[in-house]
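The values are calculated or read from the model by the stated rules, or taken from the named source; none is laboratory data. Quick caveat: nothing in here was measured; it's all calculated off a predicted structure. Glycine gets a Cβ as well: all are built from the backbone with ideal geometry, and neighbour counts include every protein chain shown. Accessible surface areas use protein heavy atoms only, side chains included; no ligands, DNA or RNA. Shrake-Rupley method; radii C 1.70, N 1.55, O 1.52, S 1.80 Å.
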Amino acid sequence: MAEPILLEMNGIEKNFPGVRALDNVHLDLRAGEVHALLGENGAGKSTLIKVLGGIYKKDGGEIIINGEKATINDVKDAEKYGISIIHQEIVLVPEMTITDNIYLGKELGPAVRISRAEMQKTTQELLDSFEMGLSATDKISSLNIAQQQMIEIIRATFSDAKIIVMDEPTSSLSDKEVDALFETVRKLTAQGIGIIYISHRMSELDVIADRVSVYRDGKYVATRVVKETSIDELVALMVGRQVDNYYTRDYNACDEVILEVKNLTNKKVKNVSFQLRKGEILGFAGLVGAGRTETMRAIFGMDAKESGEIWVEGKKVEIKSSKDAMAAGFGLVPESRREEGIFPSMSIKFNETIKVLEKFITIRGVNRRKEDEIADRYMKDLSVRAPGTHALVGNLSGGNQQKVVLASWLATNPKILILDEPTRGIDVGAKAEIYAIMNELVNNGVSIIMVSSELPEVIGMCDRVVVMRSGEISAVLDRTEADQVTIMKNAVNI
């Protein structure tokens, strides 16, 4: 017997200036199920969730919760209906403790008579249940992205929500943390809570989801029972076509070493040494906290190094800042695009050209035509989907934001491009586009370092794979040696 319907969203409409984001969209959620939402970036998934969460007001349609029509005009309305949303972009308060963030908006007043010690005790029990290895008194600013994302999840499960939305909850989590999350999801659904689950990791569907709904171009396409469909069918529904040659790669790397890192050491990494060849994609794999991102930040001058050397094209370079790194021919697409990669309140044009002001600003003034040429070129080359370069980057989908970040670095004509989690939170169609861009870049002589937690893309795209563990390199594998088992054995010291 099917479980009762918790939520129905029927004929939902949402319009923005010049864009119909949602067009007669449908979604229903049953008690005790995990209902996954799939679709390319810009398909309307996040907009639909923001309507449900009261962030956007719908322009048409109806929302029914527990059989009754619901009026949701703001976030407080959504909370009253038992709706809790874990957004893809982290919204914690950095300088507050984990306890403060868990209880934020739910502060216990004098009438409740619960001490801060009890609040910390409850928070610590939650952390221990997820095997986080953290203290309830730790500040959010001391945590990495994966840990912050887990705190978001814990905060949502702490509330009395009956409907929980998880938007890309595993994008920065290790396998162990993913297992802990999935176990929590199963406990929640066993209590009759409905979970709406958005993820681009399609391999997760068989493990966690009961049903899946597909959206494309702001419209509802279809709903399938996970056990009765296939990845191929779902991908075809998402993109409206069959995606072939998912990993686009021509292996043309030469023996010329363009970058050599020797014994790089700081507080996070120890004696890291490796070479990058011209026209090569060098992958960096490992568990969360292994030191991959920290290595890239040190190379790029974002974090200080205590010792070690960096050589570019046979010459030793001193990199103490990102400006030094850019002068040496580096570009870096960071792991956290929202915090470090984009200016969300500024236009695509501003974001794409901010790093190359010298190309169109001189003592004579601003050459607007040249500025437009740069912005238009990269918007076209990378297929950024937006009304024009005047569009605000913060209003774009995650995949299109990532393309803008990439465009801003391509405009600098880098010799060495570091991509840290380049497809995090990006749909299968956009991933294939990013892979094709990477392949074209290395064919044109650019050398790429790719940090990724997704082993299939590391294996599918890289010439060689550097495996890190506990801040050190544990193995360097040729693409003929690199498979998931071998990489994981080196990542966990088996």
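Using the reciprocal of the averaged 1/r over all distinct C-alpha pairs, how large is the Kirkwood radius of the stretch 413-494 in Å? Let's see the in-between values first.
Working: mean 1/r = 0.0737 Å⁻¹.
About 13.6 Å for the stretch 413-494.
Take the Cα pairs of the stretch 269-394, get the Kirkwood Rh, then feed it into Stokes-Einstein at 4 °C and 1.567 mPa s and tell me D in µm²/s.
Values: Rh = 17.1 Å.
Reported coefficient: 76 µm²/s.
Which is farthest toward the positive dipole end of the stretch 325-423 among VAL356, MET326, VAL366, measuring Cα position about the Cα centre, with Cβ charges +1 (Lys, Arg) and -1 (Asp, Glu)?
VAL366
For the stretch 417-440 and the stretch 60-110, what is the separation of their Cα centres, given in Å?
Between the Cα centres of the stretch 417-440 and the stretch 60-110 lies a distance of 32 Å.
Stretched out fully, how many nm does the piece from SER322 to ALA436 gain, at 0.36 nm a residue minus the Cα gap?
Numbers: separation 114, 0.36 × 114 = 41.04 nm, distance 2.70 nm.
Here the answer is 38.3 nm.
Which ³J(HN,Hα) values in Hz, rounded to whole numbers, follow from the phi angles of the stretch 88-95 under the Karplus curve 6.51 cos²θ - 1.76 cosθ + 1.60, where θ = phi - 60° and Gly and Pro get x?
Per-residue couplings from phi come out as 4, 8, 5, 10, 7, 9, x, 8 Hz.
Report the local net charge at PRO169: Lys and Arg +1, Asp and Glu -1, summed over other residues whose C-beta lies under 11 Å from its C-beta. Walk me through the numbers before you get to the answer.
On the way: positive: ARG201; negative: GLU152, ASP167, GLU168, GLU177, GLU204.
Charge balance near PRO169 sits at -4.
Stokes-Einstein D for the stretch 398-449 at 10 °C, 1.306 mPa s, Kirkwood Rh over Cα pairs, in µm²/s? Don't skip to the answer; put the middle values down first.
Working: Rh = 11.2 Å.
Rounded to a whole number, D works out at 141 µm²/s.
Tally up the carbon and sulfur contribution to the accessible surface of the chain as a whole percent, 1.4 Å probe, everything protein left in place.
Exposed carbon and sulfur together represent 47 percent of the surface.
In whole angstrom, how long is each semi-axis of the equivalent ellipsoid of the stretch 66-106, when you take the square root of 5 times every eigenvalue of its Cα gyration tensor and sort them from largest down? Kindly include the intermediate steps, with their values, before the conclusion.
On the way: eigenvalues 139, 25, 14 Å².
Taking √(5λ) for each Cα gyration eigenvalue gives 26, 11, 8 Å.
Calculate the translational D of the stretch 258-309 in whole µm² s⁻¹ from Stokes-Einstein, where the hydrodynamic radius comes from the Kirkwood formula applied to all Cα pairs, the temperature is 20 °C and the viscosity 1.002 mPa s.
On the way: Rh = 11.4 Å.
Estimated diffusion coefficient is 188 µm²/s.
If each residue of separation counts as 0.36 nm, what is the full-extension length gain between LYS380 and ASP478 once their alpha-carbon separation is subtracted?
Working: separation 98, 0.36 × 98 = 35.28 nm, distance 3.45 nm.
That works out to 31.8 nm of additional length.
Hey, if you drop one equal point scatterer on each alpha-carbon of the stretch 1-98 and run the Debye formula without solvent, what base-10 log of I(q)/I(0) do you get at q = 0.19 Å⁻¹?
-0.99
With label points built 7 Å along Cα→Cβ from the Cα atoms of SER115 and ASN24, find their separation and express it in nm.
The answer from the label model is 6.2 nm.
Give, in nm to one decimal, the length gained when the segment between ASP128 and ALA222 is fully stretched (0.36 nm per residue of separation minus the Cα-Cα distance). Walk me through the numbers before you get to the answer.
Working: separation 94, 0.36 × 94 = 33.84 nm, distance 3.95 nm.
Difference between extended and current length: 29.9 nm.
Taking +1 at the Cβ of each Lys and Arg and -1 at the Cβ of each Asp and Glu, which of LEU92, THR293, HIS390 sits farthest along the dipole of the chain towards its positive end, judged by Cα position relative to the Cα centre?
Most positive-ward Cα: HIS390.
Working from the pairwise distances between different alpha carbons, so that the mean of 1/r is found and then inverted, what is the chain's Kirkwood radius in Å?
Numbers: mean 1/r = 0.0416 Å⁻¹.
That comes to 24.0 Å for the chain.
Within the stretch 69-186, how many Lys pairs sit with Cα atoms under 22 Å apart, leaving out pairs fewer than 8 places apart on the same chain?
So the count works out to 10.
Apply the Debye scattering formula to the stretch 170-318, with a single equal point scatterer on each alpha-carbon and no solvent, then give log10 I(q)/I(0) at q = 0.15, 0.18 Å⁻¹.
Each listed q corresponds, in turn, to -0.94, -1.06.
Mind pulling up the Rg/Rh value for the stretch 72-219? Radius of gyration and Kirkwood radius, both on Cα.
On the way: Rg = 15.8 Å, Rh = 16.4 Å.
Across the stretch 72-219, the Cα-based Rg/Rh ratio is 0.97.
Per residue, how big is the convex hull around the C-alpha atoms of the stretch 240-341? Give it to me in cubic angstrom, could you?
Values: hull volume 15.0 nm³, N = 102.
Expressed per residue, the convex hull around the Cα atoms of the stretch 240-341 is 147 Å³.
Amide H of ILE193: which non-local residues (sequence gap of 5 or more, or other chain) have their own amide H closer than 5 Å, using H built in the peptide plane?
Excluding prolines and chain starts, which carry no amide H, the hits are GLY32.
Counting only pairs 8 or more residues apart or on different chains, how many lysine pairs in the stretch 216-295 have their Cα atoms under 30 Å apart?
Working: LYS219/LYS227; LYS262/LYS270; LYS262/LYS278; LYS267/LYS278; LYS268/LYS278; LYS270/LYS278.
Number of lysine pairs found: 6.
Specify the angular offset, from 0 to 90 degrees and rounded to the nearest 10, of the alpha carbon long axis of helix 145-158 from the longest principal axis of the alpha carbons in the chain.
0
Enter the accessible area per residue of the chain (Å², integer; probe 1.4 Å; all protein chains in place). Numbers along the way, then the final one.
Details: 22220 Å² over 494 residues.
Using a 1.4 Å probe on heavy atoms only, each residue of the chain averages 45 Å².
Run the simple label-point estimate for GLU233 and VAL75 please: 7 Å along Cα→C-beta, distance reported in nm.
3.9
Would you work out which of ILE231, LEU282, ALA304 lies farthest towards the positive end of the dipole of the stretch 214-311? Charges go on Cβ: Lys and Arg +1, Asp and Glu -1.
Checked the options; the winner is ALA304.
What list of whole percents do you get for P(r) of the stretch 317-380, with Cα-Cα distances grouped in 5 Å bins up to the one holding the largest distance?
It works out to 3, 15, 20, 22, 22, 13, 5, 0, in whole percents.
Taking R0 as 45 Å, what's the FRET efficiency between SER336 and GLU68 from their Cβ-Cβ distance, rounded to 0.05? If you can, show how the numbers build up before the last one.
Details: r = 40 Å, r/R0 = 0.89.
Working from the Cβ atoms, E equals 0.65.
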